[in-house]
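One structure is given below, encoded as structure tokens.
The values are calculated or read from the model by the stated rules, or taken from the named source; none is laboratory data. This structure is a prediction, so every number in the text was calculated from the model and none was measured. Methodologically, a virtual Cβ is constructed for each residue, glycine included, from the backbone with ideal geometry; neighbour enumeration extends over all protein chains shown.
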Amino acid sequence: MTISQVITKVKNNNPEADEKMLKKAYDFAAKAHEGQKRKTGEPYIQHSLHTAFVLAQIKADFPTIIAGLLHDVPEDTEYGLEEIKKKFGEEVMMLVEGITKLSKIKYRGIERYRESLRKMFLAMARDLRVILIKFSDRLHNLRTLDALPPEKRKRIAEETMEIYAPIAGLLGIWRLKWQMEDICFKFLYPEEFKKLEYKYEVEKKIERNQYAQKIKNILGQKLKQEGIEYKIEDRFKHLYSIYKKMQRKDRKFDEIYDVFALRLITPTISDCYKALGVIHTLWKPKSNRIKDYIAVPKPNGYRSLHTTVFGPENKATEFQIRTKEMHEESLYGIAAHLHYKQKGGSDYKTLKQPHWIKDILNIQRQAENTNEFISALKLDVFHDRIFVFSPKGDVFDLPEKSTPIDFAYIVHTEIGNKATGALINNKMATLDQPLKNGDLVEIITDKNRKGPNRDWLKFVKTNRAKEKIRHASKASKLEQIKKMIPGM
Ligand code: MN
């Protein structure tokens, strides 16, 4: 990565961007980091350049990109914030200061985890742009994760899944969320990742491409007839979301995969509705799957029309229809809002913050301590996931209403197979008791226990637990049969 590549990217979105200033920030950072190497062996400045590049990709504003180039200077070099203020002004200095404070967050056990979340939210409430830098920094760290020892890889991947990715989602920066999740997925569940990747990228690819082509031809022709300008994109389905869906709905890959997804971008809102009409005249819609998020946007501001139709070959096919502006907002979330504001000439301070940022500040003012702060937040961010803790302080991410048995199988198959009881927050609990966010869970095992109880299938929520229970009971049935039939 070179500074010219960063400059080109910045100018793409913002032709009047001050090229000299970017050069100046680069020269300063390069000098400050001179002689330092990343774990990959690359010069340190590569990390600064990549961070700035991602910021340009998500259309962060100019001071944020400058701060991205400088973000590790105070932490790792002899140059301090004063120097940055002198050279690049107060605003850039504040952003770099914000990121330096955030980097002090370390991730260890329950309290630290909660404390990290609290710090992230507060930094965000003060200046959202700090979080954008943190995300970009993290994305490059993830991309070079191979260079770290396995233990560290795992810790960083977990922290990203638990803290960074959900917050990126909350801010609507889906593109970053997906990129982070897929990298972490690969490190945390290498086998599942490989399996899915193979299915998606190899087995189904040709079939998928042929089908996409068919739809594009039929639809394209009709849209042209109607005089609607359009762009059709295959929807990039990221692997981790497929994996999560399979777990949540307890479905096989083919069932999830079966919904084929396309995106249609049109110039105006009225074109969106016209295009929806065209699609519905071509193929029969599933009536309960038509969603108008343009008339009624989602709480995070997401806008789009959704419909699922029975396409050619009667295949369920989902369309998202939206304007270019809506599309960019959906990829870059809050960053895109900033970008449009910037284009309109007003500055960051006039940006209307999402209402929940204000809510967070209010909650912060009222909460007595971190625990209260976090529970007051209701972890809106984490929708249908809960986080529970092992006695060692490890954090586990489970679907809502998971039980101690789900937890046991996530920790280790044998712990699941030998489970006889559970302590939740140090109190005895039944094995089917639904867990809540922040619960401390300890599984009591009996090493003489033969195996899982098939009745557990009635209450477990995770696919993993279901599979393990079925697998273990099949194995034990076979054992019994073998005993009954000597010589088998
Ligand atoms: Mn960094």
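Tabulated data for the structure shown
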quantity: Filtered residue count, segment 206-228, keeping only those that are over 32 Å from the mean Cα position of the chain (by Cα) and in contact (Cβ under 8 Å) with a residue 40 or more places away in the chain; calculated: 5
quantity: Residue within segment 48-63 that is farther than 21 Å from His140 by Cα and either more than 16 Å from the ligand (Cβ to nearest atom) or in the same structural domain as Thr160 (by TED's automatic domain parsing) (or both) present; calculated: no
quantity: Flag if Glu207 is under 30 Å from Phe310 (Cβ atoms) and not polar (S, T, N, Q); calculated: yes
quantity: Residue among Gly109, Gly68 that alone is buried (at least 23 other Cβ atoms within 10 Å of the Cβ) and either within 16 Å of the ligand (Cβ to nearest atom) or at pLDDT below 90 (or both); calculated: Gly68
quantity: Hits in segment 317-334 - residues which are outside any strand (DSSP E or B), touching a residue at least 40 places away in the same chain (Cβ under 8 Å) and surrounded by 17 or more Cβ atoms within 10 Å (Cβ to Cβ); calculated: His327, Glu328, Glu329, Ser330, Leu331, Tyr332, Gly333, Ile334
quantity: Whichever residue in segment 394-417 is touching a Phe, Trp or Tyr at 6+ places or on another chain (Cβ under 9 Å) and closer than 20 Å to Glu159 by Cβ and, among such residues, is modelled with the highest pLDDT; calculated: Phe407
quantity: All positions within segment 54-65 that are of a type in the set (A, V, I, L, M, F, W, C) and either over 23 Å from the mean Cα position of the chain (by Cα) or surrounded by fewer than 24 Cβ atoms within 10 Å (Cβ to Cβ) (or both); calculated: Phe62
quantity: Residue list for segment 17-47, restricted to those being away from the ligand (no atom under 13 Å from the Cβ) and among the aromatic types (Phe, Trp, Tyr); calculated: Tyr26, Phe28
quantity: Residue count, segment 300-316 (criterion: touching a residue at least 12 places away in the same chain (Cβ under 8 Å) and either exposed (fewer than 14 other Cβ atoms within 10 Å of the Cβ) or part of a helix (DSSP H, G or I) (or both)); calculated: 3
quantity: Segment 71-82, subset closer than 25 Å to Ser4 by Cβ and over 27 Å from the mean Cα position of the chain (by Cα), residue nearest to the ligand (Cβ to nearest atom); calculated: Asp76
quantity: Cross-chain or 6+ apart pairs with Cβ under 8 Å, segment 42-61 first and of a type in the set (Lys, Arg), then more than 11 Å from the ligand (Cβ to nearest atom); calculated: Lys59/Asn13; Lys59/Glu328; Lys59/Tyr332; Lys59/Ala335; Lys59/Ala336; Lys59/Leu338; Lys59/His339
quantity: Candidate set: segment 397-432, residues that are in a loop (DSSP other than H, G, I, E, B) and in contact (Cβ under 8 Å) with a residue 40 or more places away in the chain; chosen: the one farthest from Tyr164 (Cα to Cα); calculated: Thr403
